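K.L.:
The structure that follows is given in the form of structure tokens.
The values are calculated or read from the model by the stated rules, or taken from the named source; none is laboratory data. Predicted model only: the values in this text are computed from it and were never measured. Neighbour counts are summed over all protein chains in view; Cβ atoms, including those assigned to glycine, are modelled from backbone coordinates with ideal geometry.
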């Protein structure tokens with residue numbers, strides 16, 4: 001299991017500009033794009049909870065991750081968290097790129113729920 005580069009306390013309590021610089025440095029040194037997106041999501045939560053108005057965290061990194069890297073299912077799952085990072089034109093391009101992966105993810109989730117329900121019913125009827 002990969003060690004997390006930041007604790008929750010660091011993400012929520014450190015100076016906002018300083019933690020963004022540290023996340024940028026971490027992003028430049030790691031190939032783990034999904035973990036970087038999760039960290040940026042934590043900063044988005046911090047932004048939404050803050051009393052003062054904070055800028056969107058790490059806009060350039062999010063754009064770079066989604067626009068310059070191949071689409072993956074893990075990235076497709078997270079894409080809707082970052083809608084406000086992109087212009088309408090960029091969003092249209094991303095939806096073309098991720099459309100099939102998002103549909104596949106939704107299909108798998110629905111299928112998983114159906115199978116769980118069927119298994120519970122079978123367990124109930126057999127016992």
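K.L.:
Looking at (1) under 26 Å from residue 4 (Cα atoms); (2) at pLDDT 90 or above; (3) part of a helix (DSSP H, G or I); (4) under 15 Å from the mean Cα position of the chain (by Cα), which one does residue 56 not meet, given that it meets all the others?
P.N.:
The failed condition is (3).
K.L.:
Mind checking whether some residue in the range 109-123 is under 30 Å from residue 63 (Cα atoms) and at pLDDT 80 or above?
P.N.:
Yes: the range 109-123 contains one or more residues that are under 30 Å from residue 63 (Cα atoms) and at pLDDT 80 or above.
K.L.:
For the range 42-53, which positions are assigned to a helix (DSSP H, G or I) and surrounded by fewer than 16 Cβ atoms within 10 Å (Cβ to Cβ)?
P.N.:
45, 47, 48, 49
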